[in-house]
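Below you'll find the structure, written out as structure tokens, and then a few comments.
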Amino acid sequence: MHQLSLYRLRRNKQRLNKLPEMIKRISESQNRRISSAVLNDVIMDAIAINPTPTDKGKRLKIFYGTQVSVKPPTFVIFVNEEELMHFSYMRFLENQIRQAFGFEGTPIHLIARKRK
């Protein structure tokens with residue numbers, strides 16, 4: 001979904017001169033580290049745009065998030081109940097993080113984990 005179509009570029013022989021620059025940008029985005037404070041600001045802004053879901057009267061609470069690895073960028077989001085994190089809300093958070101930090105052409109992994 002978030003991959004750039006290198007096949008299409010090669011097949012059409014268009015913009016091949018931009019290929020090295022594109023590869024460099026993707027490599028930089030794969031290696032990008034985000035501080036927890038900045039990540040949590042983006043998560044809180046996302047919650048303000050689209051509040052967390054509820055299930056059977058219980059609301060998902062997001063406590064904080066942190067980046068745990070690069071290549072691919074992996075983030076752990078600590079919540080009150082993992083089961084309340086619906087896949088569509090997880091995708092919403094992924095898109096907000098992608099937009100805020102420019103993770104172009106690289107997958108992002110989000111993991112919901114119960115805070116201990």
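One table, with the values for the structure above:
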{"read-out": "Which numbered condition ASN17 misses (of (1) in contact with a Leu (Cβ under 8 Å, 6 or more places away or on another chain); (2) loosely packed, with under 13 Cβ neighbours inside 10 Å)", "value": "(1)"}
{"read-out": "Residue match in the stretch 47-55 (condition: out of contact with any Lys or Arg (no Cβ under 9 Å at 6 or more places or on another chain) and of a type in the set (Asp, Glu))", "value": "yes"}
{"read-out": "Pick from the stretch 23-32, criterion within 14 Å of the chain's Cα centre (by Cα) and surrounded by 12 or more Cβ atoms within 10 Å (Cβ to Cβ), ranking: modelled with the highest pLDDT", "value": "ARG32"}
{"read-out": "Members of the stretch 33-64 that are surrounded by 15 or more Cβ atoms within 10 Å (Cβ to Cβ), in contact (Cβ under 8 Å) with a residue 40 or more places away in the chain and part of a loop (DSSP other than H, G, I, E, B)", "value": "ILE34"}
{"read-out": "Residues located in the stretch 67-106, provided they are within 16 Å of ASN31 (Cβ to Cβ), under 9 Å from the mean Cα position of the chain (by Cα) and of a type in the set (A, V, I, L, M)", "value": "ILE97"}
{"read-out": "Filtered residue count, the stretch 65-92, keeping only those that are at positive phi and not in a loop (DSSP other than H, G, I, E, B)", "value": "0"}
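The values are calculated or read from the model by the stated rules, or taken from the named source; none is laboratory data. Note that the structure is predicted; figures quoted are calculated from it, not measured. We place every Cβ from the backbone using ideal geometry, glycine too, and count neighbours over all the protein chains shown.
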